[in-house]
Amino acid sequence: MADDLINLMADLKEQEALTIVKRRLDVGEDPLLILDDSRKAMEIVGKRFAANEYFIPELVYSGEIAKEIAELVRPRLSHAQDIKRLGKVIIGTVSGDIHDIGKNIVSFMLDIAGFEVYDIGIDQGPQSFIDKIQQTGAPIVGLSGLLTLAFDSMKVTVDAIKDAGLRDNVKIMIGGGQMNDEIRKYTGADAFGADAMAGVALAKQWTGIK
Ligand code: B12
């Protein structure tokens, strides 16, 4: 059924894809596997876009389907018992970038794991991150971005946090489609997370939780 979902989503067959998701949830499948298939389908969409087989409307539509799937899956992920005990995390998509499907998944996985999440949204400049760090005292910041231009936005954000004298107070992780450890080095962030679970693992590690 995994391949079915990936192909249906990549082919933008909205209703069929949603039906499969509901069926998989009803038989008690791990919701994380469904999110992972959704991500794989979006990779195919991205490739078709790059190959000029898909255009902006298809990108938009695929984004809507991914959001609907995330909404179906969300209630099936069980919340941590001792909620909000793990600490605060700020997350946002950096300046110039409006992609938020992945960020939202990271955000709700952190929330479900028991973190107090401050999601500041998309296209956020360095000052928004600085203001939120000062306002909340959060020791962890997550920067999301999918565009090549986000590499620089991330670097500028990390530098600005440093210039504001806050760098020693926060651990910074980056993530999103094209990010990797090389880019992490370029931005000056502390870690790169390949997916939402990696983001949760890093946040736990930095707060000393096993
Ligand atoms: C859907 C989509 C859109 C939608 C976004 C809808 C939305 N609300 O987000 C819309 C239509 C708006 C869009 C617009 C554009 N897009 Co677009 N888009 C995509 C697409 C197909 C899928 C992205 C996605 O949602 N993936 C699924 C999620 C679940 O994966 P993810 O974001 O990677 O997140 C996971 C991990 O990376 C990680 N993660 C994410 N963030 C973080 C943060 C932290 C801290 C951590 C630890 C982990 C983490 O966890 C997530 C869950 O596992 C990608 C293709 C691709 N392969 O990524 C192109 C893609 C990113 N887009 C692209 C382009 C070019 C654009 C446009 C410039 C197109 C245009 N000409 O207008 C605009 C840019 C607008 C802007 N200023 O941002 C290019 C970027 C190329 C580049 N080198 O910069 C891509 C790669 C397509 C391509 N192959 O050409 N896009």
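A few comments on the model shown:
- Amide H partners (placed H, <5 Å) of Tyr54, local residues excluded: Phe49
- Restriction of the trypsin sites (Lys or Arg not before Pro) in region 1-102 to DSSP coil positions whose beta-carbon has at most 13 other beta-carbons within 10 angstrom yields Lys84, Arg85.
- The chain - mean residue ellipticity at 222 nm from DSSP helices (-39,500 (n - 2.57) per run, n ≥ 4, rounded to 500): -17500 deg cm²/dmol
- As a calculated quantity, the FRET efficiency between Gln127 and Glu53 at R0 = 35 Å, using C-beta atoms, amounts to about 0.35.
- Ranking Tyr54, Val73, Val21 by how far each Cα lies toward the positive end of the dipole of the chain (charges on Cβ) leaves Val73 at the top.
- Helix 196-206 and the longest principal axis of the Cα set of the chain meet at an angle near 20°.
- Set of lysines with alpha-carbon distance to Lys13 below 28 Å, sequence-local pairs under 8 removed: Lys22, Lys40, Lys47, Lys67, Lys103
- Nearest 10 degrees, 0 to 90: helix 149-163 Cα axis against the chain principal axis: 30
- Using a Gaussian network model of the chain in which every pair of alpha carbons under 10 angstrom is joined by a spring, one finds that among Phe108, Phe49, Phe151 the greatest mean-square fluctuation is at Phe49.
- Asp152/Tyr61 FRET efficiency (R0 35 Å; Cβ-Cβ; nearest 0.05): 0.75
- ³J(HN,Hα) computed for each position of region 177-186 - Karplus, 6.51 cos²θ - 1.76 cosθ + 1.60, integer Hz, glycine/proline x: x, 9, 6, 7, 5, 4, 5, 4, 4, 4
- Calculated translational diffusion coefficient of region 81-179 (25 °C, 0.890 mPa s; Stokes-Einstein with Kirkwood radius over alpha-carbon pairs) equals 185 µm²/s.
- Accessible surface of Asp152, taken over heavy atoms with a 1.4 Å probe and every protein chain present, rounds to 80 Å².
- Choice from Gly125, Gly63, Gly28 with maximal GNM fluctuation in the chain (Cα, 10 Å cutoff): Gly28
- Once backbone amide H atoms are built at 1.01 Å from N, Glu29 has no partners under 5 Å, excluding neighbours fewer than 5 places away on the same chain.
- Of Val117, Val141, Val60, the one that fluctuates the most in a GNM where the chain has Cα springs shorter than 10 Å: Val60
- Over all directions, the projected convex hull of the C-alpha atoms in the chain averages 11.6 nm² in area.
The values are calculated or read from the model by the stated rules, or taken from the named source; none is laboratory data. No experiment lies behind these values; they were computed from the predicted model shown. Don't worry about glycine lacking a Cβ; one is built from the backbone with ideal geometry, like all the others, and counts go over all protein chains shown. Side chains are part of the model used for accessible areas, which takes the heavy atoms of the whole protein and leaves out ligands, DNA and RNA. Shrake-Rupley method; radii C 1.70, N 1.55, O 1.52, S 1.80 Å.
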